[in-house]
Every structure is written in structure tokens, then in C-alpha cells.
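Enquirer: The structure under discussion is supplied below as C-alpha cells; questions concerning it will follow.
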Amino acid sequence: MAIDPTLRDALSAVTTASIGRALERAGLRDFAPANLTGRSSSGTTVVGPAHTLRMVPARGEGIGDLSTAIESVPEGAVVVIDAAGTGRPLPFGAILAGRLSSRGAVALVTDASFGETVGLPVWSSPGSAAGGLTLAGSWQPVACGGAAVHPGDIVVCGPDGIVVVPPNLAEQIALEAVEQQRLDLWLQREAEKGTSLYGLLPPDSAALARFEAETGTA
């Protein structure tokens, strides 16, 4: 599933915090994988459709058909690997990430641990629990870092965190997030000018009226 370039640009231009607030207003919960550490050489926001894999603790069996699963990942995808919240090491992590990068994946998000530094942006568990993992499924709903991720969801990975946006809401959320960020920046400037936080957090009707008048958003 390809993402419209205009939509990708809009989601890349705002913080994940702004997207998160828009998702909350839409009634969504559990959309932000938590307790994952990001490693990205560019520090920029990465946006792509989720391609999901599910791994479970191994009981002595091998790693499953990881080769086929990795070779099925399309260009532009954010690969999300559910490791059952174990923090166990991702099998052959650097090799898998290298192949994902060469296939055109834009990021890897997992609640497995991942110690290596590779060219592909990676968000992973900081833990390193003992034990192995085996592939249990692919292209199915998963839980990663406590968040629900469905295949084809739009994953936004930024310096301030990760959010998962259902594709049917993506345009609405992007528009609201852009406006939310404009409001947040205006509120920040007001606070820096010495304006009292009463009426700013949260903004009351008078503050919103001033925002609209000063920014031309009425």
C-alpha cells in the first residue's frame, strides 16, 4: 500500500505529539509504541505503511521462515515486529536489517532488542532478555510496545516518538495535526512572552479567538 506523497509530507512535517493529540480527539487509544529506543542516522521523521511480523519465544525450535517473511516486505514499508514484549534479541538482527534496507524498507520497529547499529533507522527495546524468538506469523494485527498495529496502518517514526495512524483516518488526522502544531507553537510563543498560563493550558475561548485573529485561521 503506497502512501500519497502529499499525505506523507504532511505527516512528516508535524510532531508525533501533535498527531497523538489528534488521534486522541478521534477516540483512539494504544496508538503509540512505548519504551522503544530509536537509532536513526538522519534524525528526521520516517513515514510508511506497516508491514507486520509476529515472533514468539522459541522453545528450542528454529527461527521459522524469516527469509520468506523478509523477502515479502515491499519498498517503502515500516517493518513492525511484535516480539511478545519479551525484549529478547532479534535473530540475526543486523543481517535482517541490512536486507530490509536493500529492499527499500524505511524503518524497523520492534519490541525485541537490537544491539547493532545499521544504516536502517531502528526503534527497539532497550532490554536484552535471554532466549530466542521464532516467527509465528506475518501480515496480521500485532502488538508492539503496547500499541496495536494493523497491516497497512501508517507508522510515523519521529525524534519524539512513534504513532500509528489508521489509513481511513490519515487525511483527517494529518490536517488536525498541522493545525494542532500551529496552535502549540502560538501557545509556546505566548508563554515565552510572559502570558499567564491561565487560559492557555488548555486554551480557553479568549485564547483561541486571539490565536485565530493573529494567525488568520478564523
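Bear in mind that the values in this text are calculations on the coordinates, not laboratory data. On a predicted model such as this, the values are computed, not experimentally measured, just so you know. Please note: Cβ atoms are built from the backbone with ideal geometry, for glycine as well, and neighbour counts cover all protein chains shown.
Enquirer: Tell me whether region 29-165 comes out rounded, prolate or oblate; compute the Cα gyration tensor, take square roots of the eigenvalues as a ≥ b ≥ c, and use a/c under 1.5 as the rounded threshold.
Expert: Judged from the Cα gyration tensor, region 29-165 comes out rounded (a/c under 1.5).
Enquirer: Oh, and also: Rank these for me by crowding, Glu192, Glu212, going from fewest to most other beta carbons within 10 Å.
Expert: Going from least to most buried by this count: Glu192, Glu212.
Enquirer: Right, here's the next one. Provide the gained length on full extension for the span Trp139 to Arg182, in nm with one decimal, where the gain is 0.36 nm per separating residue minus the Cα-Cα distance.
Expert: Between Trp139 and Arg182, full extension yields 11.9 nm more.
Enquirer: Sequence-distant or interchain residues sharing an amide H contact under 5 Å with Gly132, placed H: which?
Expert: Ala58
Enquirer: Take Trp139, Trp186 and order them by how many other Cβ atoms sit within 10 Å, fewest up front.
Expert: Final ranking by Cβ density, sparse to dense: Trp139, Trp186.
Enquirer: Between Ala2 and Glu192, what is the label-point separation in nm under the 7 Å Cα-to-beta-carbon projection?
Expert: My value for the distance between the label points is 4.0 nm.
Enquirer: Under unit Cβ charges (Lys, Arg +1; Asp, Glu -1), what dipole magnitude, rounded to 20 debye, does the chain have relative to its Cα centre?
Expert: So the dipole magnitude of the chain works out to roughly 440 debye.
Enquirer: Please list 3J(HN,Hα) in residue order for region 27-33, calculated via the Karplus relation 6.51 cos²θ - 1.76 cosθ + 1.60 where θ = phi - 60°; whole Hz, with x for glycine and proline.
Expert: These are the phi-based 3J(HN,Hα) values: x, 8, 9, 6, 10, 10, x Hz.
Enquirer: Also, I was wondering about something else. Round to a whole angstrom and tell me the spacing of the C-alpha centers of region 60-124 and region 141-175.
Expert: For region 60-124 versus region 141-175, the Cα centre distance is 18 Å.
Enquirer: At a 10 angstrom cut-off on C-beta neighbours, averaged per residue, how do the peptides 108-120, 49-61 rank from highest to lowest?
Expert: So the peptides 108-120, 49-61, ranked by packing, come out 108-120, 49-61.
Enquirer: Report the full-extension gain for the segment Arg25 to Ile95: residue separation times 0.36 nm, less the Cα-Cα distance, to one decimal in nm.
Expert: 21.2 nm
Enquirer: Quick check on the exposure proxy: order Ser101, Ser125 from fewest to most C-beta atoms within 10 angstrom.
Expert: Ser101, Ser125
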